[in-house]
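Engineer: Sharing a structure, written as structure tokens. Questions coming.
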Amino acid sequence: MSDLEQFRAETRAWLEANCPEEMRQPLKSQAEHCWGGRKWQFQSEAQKVWMERMADKGWTAPQWPKEYGGGGLSQEEAEVLAEEMKRINARTPVSNFGFWMLGPALLKFGSEELKREHLPPICRGEIRWCQGYSEPNAGSDLASLQTRAEDKGDHFVVNGQKIWTSYADKADWIFCLVRTDPQATKHNGISFVLFDMESEGVSTRPIELISGESPFCETFFDDVKVDKHQVVGELNRGWDVAKYLLTHERNNIGGEPPGFLKGRALGPLAAEYVGTEHGKLADAGLRADIADLEIDHMAFQALVGKIRAEAEAGQGVGAQSAVLKYYGTELNKRRYELMMDALGSEGLEWDSERTQGGLFAREWLRSKGNSIEGGTSEVMLGIVSKRLLGLPDA
Amino acid sequence: MKLNDEQQMLQDSVARLMADKGPVSHLRQLRDEHHDKGYDEPLWQAMVEAGLTGILVPEEHGGIGFGLVGAGLVAREIGRNLSVTPFLSTAVLGAAALSAGGSDEQKAKWLPAIAEGTAIIALAVDDGAKHRPERLQARVEGGTLSGEKRLVLDGHVADLLLVAAGEGDQAALYLVDPKADGVTVERTVMADSRNAARIRFDGVPAEAMADGAAALATALRAGRAVLAAELSGLALEAFERTLGYLKERKQFGRLIGTFQALQHRAAQLSGEVAMSEALAMQALDACDRGADDADQQVLAAKAKAARVALLAGQEAVQMHGGIGMTDEFDIGFFLKRARAGGETLGDANYCADRFAALRGY
């Protein structure tokens with residue numbers, strides 16, 4: 001038996017023994033996701049046990065080094081773990097911005113001190129992070145941000161406002177882009193700093209979205225003291241970290257839809273609501289639209305596979321991440337439109353128990369943000385045309 | 001999927017061969033001189049010498065048995081250069097059908113001839129204007145075939161016809177001699193300047209295959225997968241030529257490639273082309289590996305490639321502006337081939353419909 005097969009057998013046995021039954025079914029909605037953190041209220045004993053067991057194994061962050069609380073797994077081993085988890089429908093034990101955003105940034109740019117301070121609590125699900133990037137006047141044009149951090153000798157004092165801070169009201173710490181050198185040109189003079197959301201002078205106000213939910217906040221900083229060692233990477237070079245993370249974020253959009261449609265095929269769902277005639281969906285237009293979407297999804301997945309394979313061969317993903325971000329999110333919006341077409345009036349129910357309080361309509365509306373957050377579709381097309389196609393600036 | 005070293009070498013050498021010996025100018029020349037055979041004979045001969053005609057022929061019959069990924073790599077370069085050969089009709093459809101369903105005798109007679117380039121084979125499936133192999137009109141009764149076929153690629157130069165027909169409630173392929181009494185061939189040059197034919201069969205002797213149903217299914221699958229690769233190559237070339245034009249054409253005192261309206265359309269097109277290509281290669285590989293969902297992948301790949309090639313052809317003409325409408329300029333050939341190649345063996349709507357059926361809705 002090869003090492004990898006051995007690893008698979010052990011992993012399978014461990015998951016069988018340790019993954020609680022309740023954690024072996026797809027999420028009914030995103031509300032069931034475990035975010036962790038100081039304020040987290042576990043929804044069940046099983047959710048708590050599952051997170052703790054996985055954290056003990058280092059498998060909440062399978063590929064991070066063991067000394068920082070990760071699993072130290074190779075790419076291949078991590079893939080095996082993911083496959084084995086998928087096999088039993090095991091839920092992600094815990095995840096938040098600390099795992100998919102800050103962690104990779106710290107591993108690449110952080111000092112040893114910062115890694116040891118912040119990575120282990122992330123892995124254990126103890127600290128939940130949020131991201132302070134956008135500002136009211138710095139959306140697509142992120143580098144024009146104005147939140148400033150003044151040097152006061154042994155610390156910074158931060159003043160300003162962020163917007164679209166995901167779950168700022170529920171997070172414990174924030175990683176934040178601040179201007180540390182107001183004289184420098186736009187992209188220089190920005191630093192990437194970390195601080196506790198319980199610090200004096202931090203306040204948050206949730207923003208209600210068209211979906212009726214409030215995953216984002218406005219976040220205000222009024223003379224917030226930030227310790228000077230909490231700068232990731234070099235002072236005034238925070239844009240490098242931010243750019244790396246944006247690329248990383250866009251990469252992670254692999255086409256699997258979030259929420260209700262995760263792991264659900266549209267064909268059978270539509271058959272349930274619109275019925276079938278001679279074995280085909282009774283709505284010919286919807287049937288053709290679903291087929292086109294599934295074909296486009298398959299083509300997108302084939303491209304994702306190709307780009308990843310090239311990245312592993314050392315060519316890097318780079319600006320290709322903009323291609324993935326653009327098509328991944330546009331596909332997801334189409335998918336939710338077709339879901340609504342299929343569900344008819346049931347999809348429109350806004351507060352019935354039958355629909356878990358309007359889950360369908362809310363997720364449909366939420367999907368509209370996919371092509372805005374993390375860089376709009378138009379920004380992505382601009383990156384593709386300039387950086388991949390070499391088209392000239394105006 | 002990623003190409004292995006052998007496949008990468010094949011791609012490189014075929015790319016050189018097609019660019020040298022089968023460029024777009026040859027298509028134009030064949031069209032303008034109303035060439036009687038309608039294909040690029042010196043190129044076909046060069047492909048014979050390079051072993052490419054036997055790419056799907058098993059080694060025991062004199063081929064190189066390179067599989068569909070290999071055939072797709074050849075087709076991709078054919079698409080990029082709009083090279084005109086009987087590669088699809090003979091080396092793909094003919095070889096796939098005979099390998100899958102031919103009797104030992106039929107294989108021994110025809111497969112080496114395909115590899116050696118001594119026979120041209122044409123597949124006749126469509127009874128009407130649209131590809132509907134599930135509802136064949138042509139019939140075989142008591143060993144004789146009657147019916148009429150259209151879009152028979154290279155039909156007027158074929159040494160052997162493989163004809164799809166119903167017998168009882170079974171659909172299968174039959175071998176028919178194009179010189180037999182009762183066969184009437186009308187050459188129909190298509191909009192893409194390629195060979196096709198309408199062929200009438202009036203009580204013509206039809207030779208059954210060992211498994212004519214498998215031969216038909218295998219040929220259609222192989223043909224669609226390879227066409228997906230050809231259409232992807234065509235789309236890529238049309239896109240790259242257009243991108244080059246955006247970087248050199250000036251209007252309003254600046255390069256038209258600086259206009260955001262065109263930049264975003266070019267960016268979208270580049271992504272579509274990349275996805276079409278990635279899916280085509282994945283589908284070819286799925287066939288070679290015998291994957292369970294190979295049929296689904298091929299139908300998806302053909303549908304996607306047909307749509308993307310047509311989009312690329314349309315965008316190419318539009319972004320070239322007036323010059324794109326002229327016959328003198330080559331870009332129009334890509335649009336024409338996109339339309340004809342997309343129609344061949346089932347258009348995007350047909351493939352999407354079959355795909356949905358296989359997916360259970």
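Engineer: Quick check: is even one residue across region B:324-347 closer than 22 Å to A:Lys280 by Cα and facing chain A (nearest Cβ under 10 Å)?
Structural biologist: Within region B:324-347 (the criterion being closer than 22 Å to A:Lys280 by Cα and facing chain A (nearest Cβ under 10 Å)), the answer is no, since none of the residues qualifies.
Engineer: Can I ask one more? Sort out which residues of region B:251-289 are outside any helix (DSSP H, G or I) and either within 7 Å of another protein chain (Cβ to nearest Cβ) or in contact with a helix residue (DSSP H, G or I) (Cβ under 7 Å, 6 or more places away or on another chain) (or both), and write them in order of number. Working first, answer last.
Structural biologist: Quick first cut of region B:251-289, residues outside any helix (DSSP H, G or I) only: B:251-255, B:259.
Passing the criteria: only B:Leu255.
Engineer: Still on this structure, please answer the following. What's the number of the only condition in (1) in a helix (DSSP H, G or I); (2) buried (at least 17 other Cβ atoms within 10 Å of the Cβ) that B:Gly321 fails to meet?
Structural biologist: Of (1) in a helix (DSSP H, G or I); (2) buried (at least 17 other Cβ atoms within 10 Å of the Cβ), only one is false for B:Gly321: (2).
Engineer: Follow-up. Are any residues in region A:157-170 in contact with a Pro (Cβ under 7 Å, 6 or more places away or on another chain) and either free of Cβ contacts under 8 Å to residues at least 24 places away in the same chain or not in a strand (DSSP E or B) (or both), and if so, which ones?
Structural biologist: Once the filter is applied, which keeps residues that are in contact with a Pro (Cβ under 7 Å, 6 or more places away or on another chain) and either free of Cβ contacts under 8 Å to residues at least 24 places away in the same chain or not in a strand (DSSP E or B) (or both), region A:157-170 yields A:Tyr167, A:Asp169.
Engineer: Out of the residues in region B:38-52 meeting the condition of being under 24 Å from B:Arg28 (Cβ atoms) and not aliphatic (A, V, I, L, M), tell me which one is surrounded by the most Cβ atoms within 10 Å (Cβ to Cβ).
Structural biologist: B:Trp44
Engineer: Go through region A:17-48 residue by residue and tally those that are surrounded by 13 or more Cβ atoms within 10 Å (Cβ to Cβ) and outside any loop (DSSP other than H, G, I, E, B).
Structural biologist: 8
Engineer: Checking B:Glu237 against (1) among the charged types (D, E, K, R); (2) touching a residue at least 40 places away in the same chain (Cβ under 8 Å); (3) within 30 Å of B:Glu167 (Cβ to Cβ), which single condition isn't satisfied?
Structural biologist: So B:Glu237 meets the others, but not (3).
Engineer: Spot the failing condition for A:Pro62; the list is (1) buried (at least 21 other Cβ atoms within 10 Å of the Cβ); (2) in contact (Cβ under 8 Å) with a residue 60 or more places away in the chain, and only one is missed.
Structural biologist: The one condition A:Pro62 does not meet is (2).
Engineer: Would you mention how many residues in region B:278-317 are without any contact (Cβ under 8 Å) to a residue 12 or more places away in the chain and of a type in the set (A, V, I, L, M)?
Structural biologist: So the answer is 2.
All of the numbers you see were taken from the coordinates with simple rules; none came from a lab. Note that this is a predicted model, so its numbers are computed, not measured. So basically every Cβ, Gly included, is an ideal-geometry build from the backbone, and we count neighbours across all protein chains shown.
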